[in-house]
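The values are calculated or read from the model by the stated rules, or taken from the named source; none is laboratory data. Note that the structure is a prediction, hence the values are computed from the model and not measured. Here Cβ is always computed from backbone atoms with ideal geometry, including for glycine, and neighbour counts include all displayed protein chains. Accessible surface is based on the protein model in full, side chains and every heavy atom, while ligands, DNA and RNA are left aside. Shrake-Rupley method; radii C 1.70, N 1.55, O 1.52, S 1.80 Å.
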Amino acid sequence: MIQHQGEKNPHFITPHKLNFRGEKLSNLIKFKRFNNLAYKLYKNSADWKGVSIENWYNQIPLPLEYKKRIVYPFLAASLGTSVSEIKSTSALDIVKLFAFRKPKLSNKFKIMTEGMGTLIQQVGVELRKQGVKIKTESPVYQITKQGTKWLVKYVHNATEHSQLVDFVITTAHADQNIKLLNNEPSLSQVVYHLQQLKYFEAKIVLHSDTSFINTKKPAFLNIMTNQKHEIASSTMNLSMISPRLNGIYKSWLSQNDIDKLNASKKILHIASFYHPLITPEFISHLDTLHQHLKKVSNFYIGGGWSEGLETQNSAVVSGKHALDKYKIFIGGTYAIKE
């Protein structure tokens with residue numbers, strides 16, 4: 001749902017219970033047209049490499065007012081960023097969020113009875129059974145080359161330790177990798193391209209304030225815009241995932257709104273996250289980074305962000321690519337199938 005602050009009726013409403021809804025049929029028709037154009041971009045990716053959302057969108061035949069009022073806020077909310085920032089992002093990478101979905105595909109959610117942390121712990125238990133040693137609470141602070149191996153320095157129980165290893169996989173974000181590798185001359189080009197990768201901050205709040213949603217016309221994602229069509233807030237109605245979450249909302253908010261929620265005592269939890277800003281320049285530096293890493297047989301940088309758009313799926317793909325490289329290192333001749 002996309003709606004101006006202070007207005008009762010939305011400009012556009014997303015699918016709900018298998019039905020498309022909207023204040024104007026023309027808006028729904030235009031959005032379907034936009035979805036089809038995005039799908040063509042997705043299917044012809046080679047033609048759009050290095051093109052920003054704004055440059056792509058200037059070329060498609062939809063009214064400028066519709067772009068400003070509906071599509072730019074929709075795209076910005078999908079990434080949790082601002083309209084100005086979404087314009088500079090990679091068109092090809094952003095449409096991956098929705099272009100492969102059928103326009104009428106209903107939103108379905110799978111509730112995990114155990115959290116991701118618990119799942120990782122269970123994997124760790126199975127790995128230990130296979131003889132894998134896992135160190136926790138042992139932050140690494142430096143990685144340097146020593147002969148054909150890597151010297152990993154870390155802290156455990158307030159004491160500095162070091163260990164020589166044959167193969168390194170790091171899944172830290174760009175800024176953390178820079179700190180780990182800054183003293184290794186052979187990876188200076190890797191560090192340079194890591195330094196070019198820009199991030200943005202998103203403040204996410206769990207709260208119980210209904211003023212950030214439309215209670216009469218329910219939608220999972222509620223995008224509120226100001227008179228300039230910039231995003232004022234973006235809120236997920238969690239009751240549409242599960243009845244047990246009724247009355248709980250997850251919002252991307254400004255500091256001013258966060259202060260108001262604090263005063264009303266409706267905040268349940270607040271956190272800040274830093275996400276990659278996936279511009280064409282980001283993708284270009286990421287591609288070059290991977291080319292440099294290919295020259296190093298026993299070192300890999302992974303994590304969801306290393307595949308471009310950071311999602312749970314890209315994190316899994318990153319793990320597969322890391323394992324592919326390790327298989328080659330130990331003499332394997334095959335790669336894992338997708």
Checklist outcome for this item: So the angle from the long Cα axis of helix 25-43 to the longest Cα principal axis of the chain, reported in degrees to the nearest 10, equals 20
Item to check | Residues of type aspartates and glutamates that Lys87 reaches as a straight line, Cα spacing below 19 Å, ignoring anything fewer than 8 places off in the same chain | outcome: Asp47, Glu54, Glu65, Glu201, Glu230, Glu281, Glu310
Checklist entry - Just the accessible area per residue of the stretch 241-338, please: how many Å² with a 1.4 Å probe? => result 58
Item to check | Dipole moment magnitude, nearest 20 debye, the chain about Cα centre, only Lys, Arg, Asp, Glu C-beta charged | outcome: 1260
Item to check | Length-normalised contact order for the stretch 199-338 - Cα pairs under 8 Å, 6+ apart - percent | outcome: 22
Checklist entry - Taking θ as phi - 60°, what are the ³J(HN,Hα) couplings along the stretch 288-293 by the Karplus curve (6.51, -1.76, 1.60), each to the nearest whole Hz, with x for Gly and Pro? => result 5, 4, 5, 5, 5, 5
Next on the checklist: Net charge around Asn183, counting only other residues with Cβ within less than 11 Å of its Cβ (Lys, Arg = +1; Asp, Glu = -1)?
Outcome noted: +2
Checklist entry - In the stretch 265-338, which trypsin sites (Lys or Arg not before Pro) are in a loop and have at most 16 other Cβ atoms within 10 Å, using DSSP for the loop call? => result Lys265, Lys266, Lys295, Lys337
Item to check | Net charge contributed by nearby residues that have their C-beta within less than 14 Å of Gly147 (K/R +1, D/E -1) | outcome: 0
Next on the checklist: For Leu277, what residues show an amide H to amide H distance below 5 Å, using hydrogens built from the backbone and excluding near sequence neighbours?
Outcome noted: Lys198, Tyr199, Phe200
Item to check | Candidates Leu92, Leu119, Leu164, ranked by Gaussian network fluctuation over the chain, Cα under 10 Å, top entry | outcome: Leu119
Checklist outcome for this item: Of all DSSP beta bridges having both residues in the chain, the percent classed as antiparallel (nearest 5) is 85
Checklist entry - Using alpha carbons only, how many degrees (0 to 90, rounded to 10) separate the axis of helix 116-129 from the longest principal axis of the chain? => result 20
Checklist entry - Of the heavy-atom accessible surface of the chain (probe 1.4 angstrom), what whole percent is carbon and sulfur? => result 53
Item to check | Estimated vicinal HN-Hα couplings, Hz - the stretch 45-59 in sequence order (Karplus 6.51, -1.76, 1.60; Gly, Pro = x) | outcome: 4, 4, 7, 10, 5, x, 9, 7, 4, 4, 5, 5, 5, 5, 9
Checklist entry - Counting Lys and Arg as +1 and Asp and Glu as -1, what is the net charge of the other residues whose Cβ lies under 14 Å from the Cβ of His207? => result +2
Next on the checklist: Loop-only trypsin sites (Lys or Arg not before Pro) in the stretch 135-207, please: DSSP not H, G, I, E or B, and at most 11 other Cβ atoms within 10 Å.
Outcome noted: Lys135
Checklist entry - Considering the dipole of the chain built from charges on the beta carbon (Lys and Arg +1, Asp and Glu -1) around the Cα centre, which of Thr235, Ile278, Ile178 is farthest to its positive end? => result Thr235
Checklist entry - Taking Rh as the Kirkwood radius computed over C-alpha pairs, what is the Stokes-Einstein D of the chain at 25 °C in a medium of viscosity 0.890 mPa s, expressed in µm² per second? => result 108
Checklist outcome for this item: Here the stretch 67-80 yields Karplus 3J(HN,Hα) values (6.51, -1.76, 1.60; θ = phi - 60°; whole Hz; Gly and Pro given as x) of 4, 5, 6, 10, 6, 4, x, 4, 5, 4, 5, 5, 9, x
Checklist entry - Check Val51: other-chain or 5+ apart residues with amide H under 5 Å from its amide H, H built from backbone geometry? => result Ala91, Leu92
Checklist entry - Which listed residue (Asn246, Phe74, Thr288) has the Cα farthest towards the positive end of the charge dipole for the chain, taking +1 on Lys and Arg C-beta and -1 on Asp and Glu C-beta about the Cα centre? => result Asn246
